[in-house]
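Undergrad: Here it is, the structure in full.
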Amino acid sequence: MAMSPLLIANWKMYKTVEESASFARLLGPRLEGWWKPQAVRLVIAPTSLALFAMARHLGDGPVALAAQNLELGREGAFTGALSGYLLHEAGARLVIIGHSERRRYFAETDALVAEKVDAAWNAGLTPVVCVGETEAERDSGQTEAVLKRQLSAILTKPRDEHQPLVIAYEPVWAIGTGRVAKTEDVGQIAHTVRQWLGTSQGPEDVPLLYGGSVNPDNLGGFLRLPDVNGALVGGASLTLEGVVTMVRVAQEQT
Ligand code: PGA
């Protein structure tokens, strides 16, 4: 793996603002003295409400923040919506887009995901686009077709160097279930996706993450895959111990 691994903690709708801020306060001392931020990049995606409070603790330090979603546009009469600009101001530098939970519970389509990617770029955020097949799709041999459909919405558009992109492959059946995808399967899928991305879009340009029941014990196996450049971690990222151990595991791979 040529590039330094990227770990993104997706906290979903967990942790209060207080709990998130205290995590941010305690994280620095736990990483101090051994963590090399240029060797392992660490991003935390708390609830949007907690971004500002966490950013105050993290300051200009190497731990970056991500939002878990954004709505289109900059400002306007959209009750309840948070634009990329607001999220950026609150401290986010990346944004997760098209997570399977957003696709499933909030009816997000491939077309909307593509629009949100544009909205992220317009707001100066790096989109982390999630793709992945359901169990039924996998069982009927449609994994590649599903991934191709989900990715083509964003990959067919021309992109310049001011439009950074991260892709997370997350098989839906592996999310929050403890059922981890086989490393060899992930390796093969990541290889295929990397080929679709094109030779000019190497890992430095588009990091490819695996997500789905990643934990400190199985992380190393995924990071050793040549086409996998990091992980998107849900449940196992909710404890300080979990995050610190995963940074350590990732750093040992470098
Ligand atoms: P999980 O979630 O690690 O709890 O499976 C991953 C995700 O949903 O991004």
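Undergrad: When the residues of the stretch 134-178 are filtered to those that are within 16 Å of the ligand (Cβ to nearest atom) and charged (D, E, K, R), which remaining residue is most open to solvent (accessible area, probe 1.4 Å)?
TA: Arg138
Undergrad: If Glu252 satisfies every condition in (1) of a type in the set (Asp, Glu); (2) within 15 Å of Leu42 (Cα to Cα); (3) within 16 Å of the ligand (Cβ to nearest atom) but one, which is the exception?
TA: (3)
Undergrad: Here's a follow-up. Does Asn218 meet the test of being in contact with a Gly (Cβ under 9 Å, 6 or more places away or on another chain) and open to solvent by 10 Å² or more (accessible area, probe 1.4 Å)? Explain how you work it out, then say what you get.
TA: On the way: in contact with a Gly (Cβ under 9 Å, 6 or more places away or on another chain): no; open to solvent by 10 Å² or more (accessible area, probe 1.4 Å): yes.
No, not satisfied.
Undergrad: For residues in the stretch 29-46 being under 26 Å from Leu208 (Cβ atoms) and not in a strand (DSSP E or B), which is most open to solvent (accessible area, probe 1.4 Å)? Steps first, answer last, please.
TA: Filtering the stretch 29-46 down to residues under 26 Å from Leu208 (Cβ atoms) leaves 31, 35-46.
Keeping just the survivors that are not in a strand (DSSP E or B) gives 31, 35-40, 46.
Values: Leu31: 7, Trp35: 32, Lys36: 105, Pro37: 45, Gln38: 136, Ala39: 18, Val40: 0, Pro46: 0 Å².
If we take residues in the stretch 29-46 being under 26 Å from Leu208 (Cβ atoms) and not in a strand (DSSP E or B), then Gln38 is most open to solvent (accessible area, probe 1.4 Å).
Undergrad: Okay, moving on. Which count do you get for residues in the stretch 92-127 that are more than 13 Å from the ligand (Cβ to nearest atom), within 17 Å of Leu147 (Cβ to Cβ) and not β-branched (Val, Ile, Thr)?
TA: The number of residues fulfilling the criteria is 5.
Undergrad: Sticking with this structure for a sec: In the stretch 221-241, how many are within 12 Å of the ligand (Cβ to nearest atom) and either among the hydrophobic types (A, V, I, L, M, F, W, C) or open to solvent by 10 Å² or more (accessible area, probe 1.4 Å) (or both)?
TA: 8
Undergrad: Across the stretch 83-104, what is the number of residues that are surrounded by 18 or more Cβ atoms within 10 Å (Cβ to Cβ) and either over 20 Å from Tyr169 (Cβ atoms) or hydrophobic (A, V, I, L, M, F, W, C) (or both)? Reasoning before the result, please.
TA: Looking only at the stretch 83-104, we keep the residues that are surrounded by 18 or more Cβ atoms within 10 Å (Cβ to Cβ), and these are 83-84, 86-88, 90-92, 94-103.
Narrowing further to those that are either over 20 Å from Tyr169 (Cβ atoms) or hydrophobic (A, V, I, L, M, F, W, C) (or both): 83-84, 86-88, 90-92, 94-97.
Count: 12.
Undergrad: Okay, next question. Here is a list: Ala9, Ala24. Which entry is in contact with a helix residue (DSSP H, G or I) (Cβ under 9 Å, 6 or more places away or on another chain) and within 19 Å of Ala231 (Cα to Cα)?
TA: Ala9
Undergrad: Just one of (1) within 16 Å of the ligand (Cβ to nearest atom); (2) within 17 Å of the chain's Cα centre (by Cα); (3) of a type outside the set (Phe, Trp, Tyr) trips up Lys15, so point out which.
TA: Checking Lys15 against (1) within 16 Å of the ligand (Cβ to nearest atom); (2) within 17 Å of the chain's Cα centre (by Cα); (3) of a type outside the set (Phe, Trp, Tyr), the one that fails is (2).
Undergrad: Within the stretch 185-200, can one find any residue that is out of contact with any helix residue (DSSP H, G or I) (no Cβ under 7 Å at 6 or more places or on another chain), within 16 Å of the ligand (Cβ to nearest atom) and closer than 24 Å to Thr245 by Cα?
TA: Looking through the stretch 185-200, none of the residues is out of contact with any helix residue (DSSP H, G or I) (no Cβ under 7 Å at 6 or more places or on another chain), within 16 Å of the ligand (Cβ to nearest atom) and closer than 24 Å to Thr245 by Cα.
Undergrad: Wholly within the stretch 72-163, which helices (runs of 4 or more DSSP H) include no fewer than the required count, namely at least 1 residues that are closer than 25 Å to Arg41 by Cα and either modelled with pLDDT under 95 or in contact with a Lys or Arg (Cβ under 8 Å, 6 or more places away or on another chain) (or both)? Can you show your working first?
TA: On the way: elements: 84-89, 100-105, 110-122, 135-139, 143-155.
In the stretch 72-163, the matching helices (runs of 4 or more DSSP H) lie at 84-89, 100-105, 110-122, 143-155.
Undergrad: Does Ala64 fit the bill of being of a type in the set (Gly, Ala, Ser) and more than 21 Å from Tyr85 (Cβ to Cβ)?
TA: no
Undergrad: Residues Ala67, Ala111, Ala107: which one is among the aliphatic types (A, V, I, L, M), open to solvent by less than 80 Å² (accessible area, probe 1.4 Å) and touching a strand residue (DSSP E or B) at 6+ places or on another chain (Cβ under 8 Å)?
TA: Exactly one residue qualifies, and that residue is Ala67.
The values are calculated or read from the model by the stated rules, or taken from the named source; none is laboratory data. Keep in mind it's a predicted model, so treat the numbers as computed, not measured. Every residue, glycine as well, gets a Cβ built from its backbone with ideal geometry; the counts of neighbours run over all protein chains shown. Surface areas here come from the heavy atoms of the whole protein model, side chains and all, with no ligands, DNA or RNA. Shrake-Rupley method; radii C 1.70, N 1.55, O 1.52, S 1.80 Å.
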